[in-house]
Amino acid sequence: DAGITQSPRHKVTETGTPVTLRCHQTENHRYMYWYRQDPGHGLRLIHYSYGVKDTDKGEVSDGYSVSRSKTEDFLLTLESATSSQTSVYFCAISENGGRAHEQFFGPGTRLTVL
Amino acid sequence: DQQVKQNSPSLSVQEGRISILNCDYTNSMFDYFLWYKKYPAEGPTFLISISSIKDKNEDGRFTVFLNKSAKHLSLHIVPSQPGDSAVYFCAATEPTSGTYKYIFGTGTRLKVLA
């Protein structure tokens, strides 16, 4: 199994508070991704990174920011959490971002915004 | 607008029989397709993929068929086993100058009955 961990695994927070989710990998893969999974929507890409300090937006990036200061860590921040951001968040990594190289997913973080 | 659709939210199959999971897409630029399997409280894991230059790819009990003219792909599991009970996501990518981004379907929950 690819070495990907996410922390925390569960979090309950209140509307308006900042939240940071962490993804840590031990595979030295270049590409890292953040997805959210919601009923009726499947997995949707929030942001991704193609190298240290190199990030780009996905299809549902509003309300989220990311940072990658080290190869192994990719942080997802909700500056001011809203109830619509209640979801399960998955981090994924990929060796070179190519389609022939599948993405490996972390175990997920369940976030509840009250 | 959902570019990748899995119209069956759930499917029940008897152990030993064939499971057929379907996926439809609307974007004719998609040229690489993947299936992921997801158990509860875990991240998705890669199962099988197919390029648009092929119409079939096989890996053990799993076969994916692609019908480009119908914009349809299907995953066949033969024989089905209780351990196959999970949510299955199809995903698609299109050629891009940047990293390949996956568009996921909403998932189909497969239950294999012993």
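The values are calculated or read from the model by the stated rules, or taken from the named source; none is laboratory data. Because the structure is predicted, anything quoted here is derived from the model rather than measured. Please note: Cβ atoms are built from the backbone with ideal geometry, for glycine as well, and neighbour counts cover all protein chains shown. Accessible surface areas use protein heavy atoms only, side chains included; no ligands, DNA or RNA. Shrake-Rupley method; radii C 1.70, N 1.55, O 1.52, S 1.80 Å.
The numbered conditions (1) farther than 27 Å from A:Tyr50 by Cβ; (2) surrounded by fewer than 19 Cβ atoms within 10 Å (Cβ to Cβ); (3) not aliphatic (A, V, I, L, M) are all true for B:Thr96 except (1). Residue selection: B:Asp1 fails the criterion of being more than 22 Å from A:Phe104 (Cβ to Cβ), touching a Leu at 6+ places or on another chain (Cβ under 6 Å) and either touching a residue at least 60 places away in the same chain (Cβ under 8 Å) or open to solvent by 70 Å² or more (accessible area, probe 1.4 Å) (or both). When B:Ser85 is tested against (1) modelled with pLDDT of 95 or more; (2) within 11 Å of chain A (Cβ to nearest Cβ), just one condition goes unmet, and that condition is (2). The residues of the range A:5-35 that are open to solvent by less than 20 Å² (accessible area, probe 1.4 Å) and either part of a loop (DSSP other than H, G, I, E, B) or not polar (S, T, N, Q) (or both), listed by number, are A:Val19, A:Leu21, A:Cys23, A:Met32, A:Tyr33, A:Trp34, A:Tyr35.
All conditions but one from (1) of a type outside the set (Val, Ile, Thr); (2) surrounded by fewer than 19 Cβ atoms within 10 Å (Cβ to Cβ); (3) at positive phi apply to A:Arg44; the one that does not is (3). Given the condition within 12 Å of another protein chain (Cβ to nearest Cβ), surrounded by 13 or more Cβ atoms within 10 Å (Cβ to Cβ) and closer than 22 Å to B:Thr45 by Cα, answer yes or no: does some residue in the range A:50-58 qualify? Yes, the range A:50-58 contains at least one residue that is within 12 Å of another protein chain (Cβ to nearest Cβ), surrounded by 13 or more Cβ atoms within 10 Å (Cβ to Cβ) and closer than 22 Å to B:Thr45 by Cα. A:Lys11 satisfies every condition listed in (1) under 30 Å from B:Ser10 (Cα atoms); (2) at pLDDT below 95; (3) touching a Leu at 6+ places or on another chain (Cβ under 9 Å) except (2). No other residue among B:Lys5, B:Lys56, B:Lys38 is of a type in the set (Lys, Arg) and closer than 18 Å to B:Glu94 by Cβ apart from B:Lys5.
Here is the figure for the range B:88-114: residues that are within 14 Å of chain A (Cβ to nearest Cβ), of a type outside the set (Asp, Glu) and touching a residue at least 60 places away in the same chain (Cβ under 8 Å) total 16.
Close Cβ contacts (under 6 Å, 6 or more residues apart or on different chains) running from residues in the range A:55-66 that are closer than 17 Å to A:Ser83 by Cα to residues that are open to solvent by 40 Å² or more (accessible area, probe 1.4 Å) comprise A:Val60/A:Arg44.
Hey, does the range B:55-75 have a residue that's within 29 Å of A:Thr5 (Cβ to Cβ), within 13 Å of chain A (Cβ to nearest Cβ) and open to solvent by 50 Å² or more (accessible area, probe 1.4 Å)? So far as the range B:55-75 goes, yes, one or more of its residues are within 29 Å of A:Thr5 (Cβ to Cβ), within 13 Å of chain A (Cβ to nearest Cβ) and open to solvent by 50 Å² or more (accessible area, probe 1.4 Å).
For the range A:46-66, which positions are in contact with a Lys or Arg (Cβ under 8 Å, 6 or more places away or on another chain) and closer than 13 Å to A:Tyr31 by Cα? Of everything in the range A:46-66, those that are in contact with a Lys or Arg (Cβ under 8 Å, 6 or more places away or on another chain) and closer than 13 Å to A:Tyr31 by Cα turn out to be A:His47, A:Tyr48, A:Ser49, A:Tyr50, A:Gly51, A:Val52, A:Lys53, A:Asp54, A:Thr55.
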